[in-house]
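Below is one structure; the comments refer to it alone.
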Amino acid sequence: MVVFSLAFVGCVNSKQDIEIPQWYLNSPANTGLFLYGSGDGENLEAAKSNALNNMAAGLVVSISSSLQTTTKTSVLNGKDSYSKDISKDVKVEVQKIKFTNATVKNSQLINGRFYVLMQVNRIDLFTQKKSEFDTRDNRIDELHGSLDGKSKLSQIHILQDMYPMIKEAKAQAIVLNAINNEFSYPLYVKKYDKYIDSLDDIKQACIVSVETSIQEKYFADHIVDMLNLNKFKISSNSSKSDVSIKLNVQPKYSMTNGWNIAKVTITISVISDEKIVSNKIISTVGRSSTSQESALEDASKRFREELESVTLDKIVFGK
């Protein structure tokens, strides 16, 4: 026990002998011109990398504070929150920043370990990131402008393809504001939210018909039920619908140990503008001790479970 105590005290004293520079212990606060970050490492490159990570972490804190303030203001004014769907994306976007214009303001080697203070010119960083943002923003507007004259299903496909770009652009807009507070990100975020909302509007205005190849409507009824739950308009007349869903249901029956078995293959064809735009196949099995029809109904329940697992949206409206 005595040996341990002496060793411990010796360790503390050796650490106290290390004089860490004040510019590292008390890194300067960000200014209107520069961002700062400090870090240490076993070599200079590792110390620089850690300092830039520290700089990015500071931006995340600044952005989180800004989002909370904006959200509270939006709630008080009875408006939608600007942070809709983006809080977690912002951190990812910050982590992707490459501070290519970073310079070493201070560095020191102490007992074989490097200590570094990095700085980044905010104007240069903003110019770089704004150029990347403008490219994505212009592409989003171009795609949205291409919706006119297209079928509702085509519009849905385009908007769904746009969604990942929109999420990234929203996060980029908020990061740009953190770099340059004069950049008005709410204008862009509102525009993007409007684009996202238009996807729901088109889906709800889209008239869908459902047909089945067999007399029993167990499988078709599950499709219709899920369309109703998602507030789609249903029509029994395919000629008056924007999208027609046709189910080619192929059951095969057998008997096993007194059970009626129905093995069913369902091909879901989605038709728009008199063209088949997608075919998806779901296979399912049902059984019953009473009849083939009951076995078929049981198979339809497994079909419903598969629809809910994959999601109706992906099956019907996904490419």
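The values are calculated or read from the model by the stated rules, or taken from the named source; none is laboratory data. Computed from a prediction, not measured in an experiment: that's the story for all the values here. FYI the Cβ positions are ideal-geometry reconstructions off the backbone, even for glycines, and counts take in every protein chain you see.
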- Note on the structure: Exactly one of 231, 190 is at pLDDT below 95 and at positive phi, and that residue is 231
- Have a look at 242, 273 and point out the one that is under 23 Å from residue 205 (Cα atoms) and in contact with a strand residue (DSSP E or B) (Cβ under 7 Å, 6 or more places away or on another chain). 242
- Message: Which count do you get for residues in the range 226-244 that are more than 28 Å from the chain's Cα centre (by Cα) and in contact (Cβ under 8 Å) with a residue 24 or more places away in the chain?
- Response: 9
- Message: If I ask for residues that are without any contact (Cβ under 8 Å) to a residue 24 or more places away in the chain and not in a helix (DSSP H, G or I), which ones from the range 149-199 would you list?
- Response: 149, 150, 181, 182, 184
- Take the range 100-148 and flag every residue that is without any contact (Cβ under 8 Å) to a residue 60 or more places away in the chain and either in a strand (DSSP E or B) or among the hydrophobic types (A, V, I, L, M, F, W, C) (or both). 102, 103, 104, 109, 126, 133, 140, 143, 147
- Query: residue 219 is checked against (1) under 30 Å from residue 32 (Cβ atoms); (2) in contact (Cβ under 8 Å) with a residue 40 or more places away in the chain; (3) assigned to a helix (DSSP H, G or I); (4) of a type outside the set (A, V, I, L, M) and fails just one. What number does that condition carry?
  - Reply: (1)
- Can you pull out the residues in the range 82-99 that are modelled with pLDDT of 80 or more, in a loop (DSSP other than H, G, I, E, B) and crowded, with 16+ Cβ neighbours inside 10 Å? 97, 99
- Would you pick out the residues in the range 17-62 that are in a loop (DSSP other than H, G, I, E, B) and among the hydrophobic types (A, V, I, L, M, F, W, C)? 18, 20, 29, 33
- Residues 154, 198: which one is under 21 Å from the mean Cα position of the chain (by Cα) and of a type in the set (Gly, Ala, Ser)? 198
- Would you check if there is a residue in the range 284-304 being surrounded by 13 or more Cβ atoms within 10 Å (Cβ to Cβ), at pLDDT 95 or above, of a type in the set (Val, Ile, Thr) and in contact with a helix residue (DSSP H, G or I) (Cβ under 7 Å, 6 or more places away or on another chain)? yes
